[in-house]
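Here is the structure we will look at, set down as structure tokens.
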Amino acid sequence: MLNHMVQHQHHLDHAFAALADPVRRGILERLGRHSATITELAEPFEMSLTGLKKHVLVLEEAGLVTTEKVGRVRRCSLGPRDLDDIQRWIEGYRRMLDGRLDRLGELLERTKGET
């Protein structure tokens, strides 16, 4: 059980690190429409192919992107991992914050009559 939790946390860490960069988020957005080559992905970012390959590698290591060599071209697609784990983590965190804000609101209401 502990090993599973550690692996889950490791996946979340990689996914959040991959999503922390605006270029990588742009790559995922582009690949959400359809697959693309490294060259096609690099164009809107005005980035070297080497620079873009580094971003794709980070996404690939996080399981968010897959690449396949087709002839002399490397084609990228969305990877096998979806963002459900990240969404669940964010929702859990949001519920915790909402609960704290609700308790703060209740405290303010109770103390409002005391002043």
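Values quoted throughout were computed directly from the atomic coordinates according to the rules given, and no laboratory measurement underlies them. Just so you know, these numbers come straight off a predicted model, no measurement behind them. Counting neighbours? That spans all protein chains shown, and the Cβs are built from the backbone with ideal geometry, glycine included.
Side notes on the structure shown:
- Ranked by the mean number of other Cβ atoms within 10 Å of their residues, highest first, the peptides 55-63, 10-18 fall in the order 55-63, 10-18.
- Translational D in µm²/s for the range 7-57 (Stokes-Einstein at 20 °C, 1.002 mPa s, Kirkwood Rh from C-alpha pairs): 185 µm²/s
- The chain - Debye-derived log10 I(q)/I(0), Cα point model, q = 0.12, 0.16 Å⁻¹: -0.56, -0.78
- Over the range 53-115, the alpha carbon radius of gyration divided by the compact-protein estimate 2.2 N^0.38 Å works out to 2.14.
- Radius 14 Å from Cβ of Pro22, net charge of other residues (Lys, Arg +1; Asp, Glu -1): 0
- When the chain is treated as a Gaussian network with alpha carbon springs shorter than 10 Å, the biggest mean-square fluctuation among Thr50, Thr37, Thr67 belongs to Thr50.
- Among Arg24, Arg74, Arg94, the largest mean-square fluctuation in a Gaussian network model of the chain, built with springs joining Cα atoms closer than 10 Å, belongs to Arg94.
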